[in-house]
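In what follows, a single structure is set out as structure tokens and then discussed.
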Amino acid sequence: MSLYPLTAHALLDAFKSGKASAKEAYEDVLGRIKAVEPKVKAYVRQAKTSPDFSGGLPIPIALKDNLCTKQEEITCASRILKGFISPYDGGVIERVKKSGGVIVGFANQDEFAFGSSCETSCYGPTFNPWDLQCVPGGSSGGSAAAVAADEAVWALGSDTGGSIRQPASFCGIVGMKPTYGRVSRYGLIAFASSLDQIGPLTKDVRDCALLMNIIAGYDERDSTSVNEPVPDYTKALVNDVRGLKIGIPKEAFAEGLDPEVRASLEAALALLKKLGAAVKEVTLPHTPYAVATYYIVATAEASSNLARFDGVRYGLRAQPVKARKNALVDMYEETRSRGFGPEAKRRIMLGTYALSSGYYDAYYLRGQKVRTLIKNDLDEVFKDCDAIITPTSPTVAFKIGEKTSDPLSMYLSDIYTIPANLAGIPAISIPGGFSKSGLPIGLQLMGKAFDEEMLLRISYTYEQNTEWHTRKPKL
Amino acid sequence: MSQFEPVIGLEVHLQLNTKTKIFCSCANQYGCAPNTNVCPVCLGLPGSLPVLNRQALLYAIKVGLALNAEINSFIKFDRKNYYYPDLPKGYQISQFDFPVAKDGFLKIKSGNQEKRIGIKRAHLEEDAGKSMHDNTGSCSLVDFNRTGTPLIEIVTEPDLRSPQEAYDYLNILKLTLQYLGVSDCDMEKGSLRCDANISIRPVGQAALGTKTELKNMNSFRAVKAALEYEIRRHEQVILAGGKIVQETMLWDDTQAQTQTMRSKEEAHDYRYFPDPDLVPFTVDYKTIDSVRAELPELPQAKLVRFLSQYELSEYDANILVADSGMADFFEAAVKEYPQAKKVANWLAGPVSMELKNRKIPIHGLKLTPKALVELIAKVEDGVVSNLVGKEVLGLMLDQGKGAEEIIQAKGMAQVSDDSALFAIIDEVIAQNAAVVDQIKSGKPNAAGFLVGQAMKKSGGRANPKKLNELITRKIAGV
């Protein structure tokens, strides 16, 4: 029996019934990796610590390369962290290990999570299992590709502006960004502290609920972690949306929305209506400002978060061959010039500028105020709606190299996902169809803070009434 | 009389003596082997996050209240971004626009006048590590043990008008902070650091002159000396027709002069922004009130009370108040033995000497207030002389025993019995005929010499008053 294509819940049933063992499942996944990894390149390194199959949920998991795991090299796909061996486990990693999770390896990503295509990694890109000429999305591209290619049963990624949802959408899988504060950030190498969350990438909605059960929960080592009790998310998996109110923002039908993606969205609306949900048109008037707001606030925080990569304590330290200014400044400049890729440098410069004297008020401060307006828009809509639906991305996966020379157009692909991070609300991307070219289309649902259950319920219902999630790429 | 008036402001950084660091649970301890008292948080490892130490906040509120400041109940932290090897995150977590306390004051006595020095703000921040530069110039070393130590930065308004005032302010501030028990306030250990801002202006002018910032002063004396030097330097520059450059000057104690920081430092743009890892919150009034209720009587109030309640001299009162442990000891002793002046004398005199020699604070002595007054009573009652009393004190401190026990054990009780003294007196008179003659011929004070001789012969145990009386009578009678 082929174990690698199975979901976690199916494997757990198999383990329980004795049809398969955790060790067999792990070895089957390794075999799959051997077969397809040369084409997909989802992983950057295998886990060093040998697996232990004795735990309660011994599911092979891929971890994004920005999740500190004890005794493992963690690099955020950047040269500047090559050789950094984390001396500690992050809060989520502790939970995964406690649950008995079997860590397969560390998945590729855009460097420091800066990107929407997994092309800025210092290890080179990951390839979309559905079409190896295309990007898997980003920044958690490796995590998404690994799950889509069955090189992991499930995976963890991080989402700052869509970095779980967009690659999930491009790779035809489920990806969730939890409410800000729902999952501990202790051990997540920070991009934008007020926006980052760790979340699951899974083959179906049930697996998403299971993995959320493992990772969600208060961590006193994270001051932004919320001490809110964690429900059993699997109890939300009810095939019933009758009476629910789902909002569709008119701003979702913006210019740049691919007609096929639009068609999938409209079909989904029709299906949900048929299943008994009320669909109503709503408005989020400040949507046009979301991307600009994000790229000011997120890059500002990132510029500060990345200041610690200076060559002094860990990772790369470089010195120029010929002295320039003084030894210290030379070391800083050489280390950071050589260690960071172009997108990282771009964002650090943008963020530094937005915070600098004379510009702080016009950029960062104003950005934070517009952020409040964006959040207010969503709060207003949620007074009357249980969830909001949009496409996850305006397009399906684009070709490798297609947007790398136009950073702005790359940034605009985050238009639907960014608002949830700015407002701190949960959001999920689920498979919503395929383009004529066979590329996955993703649908996004956003919910009220700490109402992941609503999202899981609607997603589960939609999933159980469609068959997108059963398809696999031909590798 | 100078035509210029100095305008001085001081910034004091104080290390708080909380059990653990400000944002992590590493021990807040001085003197560990380098880089052993660290963790992912204070090392700024990737993925680490800060969590505020509640005690540090309560201490900051305590300091603010003691400085008569307004407490900002809205607590917010900001990142101060700059690069230096001893700053692991590349930013320091500090407070920019919402310091814990603002608009306070500290009263100082300058000469005979009382003056209010405005405290602009007091805020919480984390300390950086320590850099050491190798003498050969081949490398620098960084010790991160100190990173994350909680600091309070106290900034005055530019209200100080002389180096002496600055010196006085620092001493009163240090004493006040010691009373609060929030810090060791030890400049040598680095738990108290001071920077100064100094400008001068023509007397009578309201506008401020260009200021320079002074750093690297390692004692209050150095602060005073550095300010004196810098004021003279400013005067010389201006009188020569030049302009003061706004810059940072380092005090060189060995050369006794200030020097420009060699590296051409561009003004830092710290790019302050609210730290997104620390959620702002409001401290409730109940908490602030409970901190206020726990404030001890502060030194200036205690001094005023001591002067009136115990009718002490200013000299004695100042010595007692200069150490809150000493002041408390004094009051406990006076409760047992209501002779304030006598108790004050013993504390200011022999006890202070013992503290100095033994290099420990008063609470480290094996001496209770009750034990001290027992000793004082013995001296007042003539059981032992004052001189012997001091010796007994030393023995009490060595052995932790009471005065009575020690006096008995060593047979130190003063000999006052007349008959016991006759033999000694006879000897002394016989051996000092010339002095006896002096006394007879009208110099009664020369008897003091004979008393001294007799004391020696008695091993210090004779009652000198008695000796004097008997010697005088004997000589008169002979």
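Some notes on this structure:
- Exposure proxy order (Cβ contacts within 10 Å, fewest to most) of A:Thr417, A:Thr461: A:Thr461, A:Thr417
- Mean sequence separation of contacting Cα pairs (under 8 Å, at least six apart), scaled by the length of region A:288-368, corresponds to a relative contact order of 43 percent.
- Region B:238-336: chymotrypsin sites (Phe, Trp or Tyr not before Pro) in DSSP loop, at most 14 other beta carbons within 10 Å: none
- Paramagnetic label reach from B:Ala413 (point 7 Å along Cα→Cβ; backbone nitrogen cut-off under 18 Å): within region B:336-380, residues B:374-380.
- Entries in A:Lys280/A:Lys474; B:Lys76/B:Lys174; A:Lys250/B:Lys76; A:Lys82/A:Lys403; B:Lys130/B:Lys211; B:Lys107/B:Lys341 that, when Cα-Cα distance is taken, lie over 31 Å: A:Lys280/A:Lys474; A:Lys250/B:Lys76
- Radius of gyration, Dmax [chain A; alpha carbons; angstrom]: 21.1, 71
- Estimated distance in nm for a label pair at A:Asp240 and A:Asp406, the labels positioned 7 Å out from Cα along Cα-to-Cβ: 4.8
- Fully extended contour minus Cα-Cα distance, from B:Phe449 to B:Val237, at 0.36 nm per residue: 69.9 nm
- The DSSP beta bridges internal to region A:8-242 are antiparallel in roughly 65% of cases.
- Computed over region B:164-205, Cα set: Rg, Dmax in Å: 13.9, 41
- Relative to the Cα centre, the charge distribution of the protein assembly as shown, modelled as +1 at Lys and Arg Cβ and -1 at Asp and Glu Cβ, gives a dipole magnitude of about 860 debye.
- Rg(Cα)/(2.2 N^0.38 Å) for chain B, N = residue count: 1.30
- Karplus-based coupling profile of region B:60-72, in residue order and whole Hz: 5, 5, 4, 4, x, 5, 5, 9, 6, 9, 7, 8, 7, with θ = phi - 60° in 6.51 cos²θ - 1.76 cosθ + 1.60 and x standing for Gly or Pro.
- Cα Rg over Rh - the protein assembly as shown, Kirkwood: 1.15
- Stokes-Einstein D in µm²/s, Kirkwood radius over Cα pairs - region A:1-95 at 10 °C with 1.306 mPa s viscosity: 107
- Take the Cα of B:Ala420, go 7 Å toward its beta carbon, and the backbone nitrogen atoms of region B:426-465 under 13 Å from that spot belong to B:458-464.
- Only beta bridges with both residues in chain A are counted; by DSSP, about 65 percent of them are antiparallel.
- Per residue convex hull volume, Cα atoms of region B:49-176, in Å³: 145
- Segment B:Phe281-B:Ala434, length gained on full extension (0.36 nm per residue, minus Cα span): 46.4 nm
- Computed from label points 7 Å out along Cα-Cβ, the spacing between B:Glu374 and B:Arg358 is 1.5 nm.
- Charge dipole magnitude, Cβ of K and R +1, D and E -1 - region A:288-368, Cα centre, debye nearest 20: 280
- In range of the label at A:Lys274: residues from region A:456-475 whose backbone nitrogen is under 16 Å from the point 7 Å along Cα→Cβ: A:461-469
- FRET efficiency estimate (nearest 0.05) - Cβ-Cβ, A:Arg338 to A:Lys98, R0 35 angstrom: 0.35
- For region A:8-242, the normalised intensity computed at q = 0.14 Å⁻¹ comes to -0.81 (log10 of I(q)/I(0), Debye sum over alpha carbons, equal scatterers, no solvent).
- The calculated FRET efficiency for B:Gln259 paired with B:Glu405, based on their beta-carbon distance and R0 = 60 Å, is about 0.50.
- Net +/- balance of residues flanking A:Ala449 in space, Cβ distance below 11 Å, scoring K and R +1, D and E -1: -1
- Here region A:288-368 is treated as a sphere whose radius is the Kirkwood value from Cα pairs; by Stokes-Einstein at 37 °C and 0.692 mPa s it diffuses with a coefficient of 238 µm²/s.
- One decimal place: the segment B:Gln205-B:Ser308 gains 33.0 nm when fully extended, by the rule 0.36 nm per residue minus the C-alpha distance.
- For the residues of B:81-90, the average number of beta carbons from a partner chain within 10 Å of their own beta carbon is 5.
- Comparing A:Thr372, B:Leu367, A:Tyr4 along the charge dipole axis of the protein assembly as shown, the residue lying farthest to the positive side is B:Leu367, per the Cβ-charge model.
- For the residue pairs A:Lys97/A:Lys235; B:Lys335/B:Lys457; B:Lys19/B:Lys401, the C-alpha atoms sit more than 27 angstrom apart in B:Lys335/B:Lys457; B:Lys19/B:Lys401.
- Inter-site label distance for B:Asp381 and A:Thr372 at 7 Å from Cα along Cβ, in nm: 7.6
- Ellipsoid semi-axes in whole angstrom, largest first, where each is sqrt(5λ) of the Cα gyration tensor of region B:157-316: 34, 26, 16
- Local charge for A:Ile33 was computed over the other residues whose Cβ lies under 14 Å away, with Lys and Arg +1 and Asp and Glu -1, and equals 0.
Bear in mind these aren't lab numbers, they're just calculated from the coordinates by the rules spelled out. All of these numbers come straight from a predicted model, not from anything done at the bench. Backbone-built Cβ (ideal geometry, glycine too); neighbour counts: all protein chains shown.
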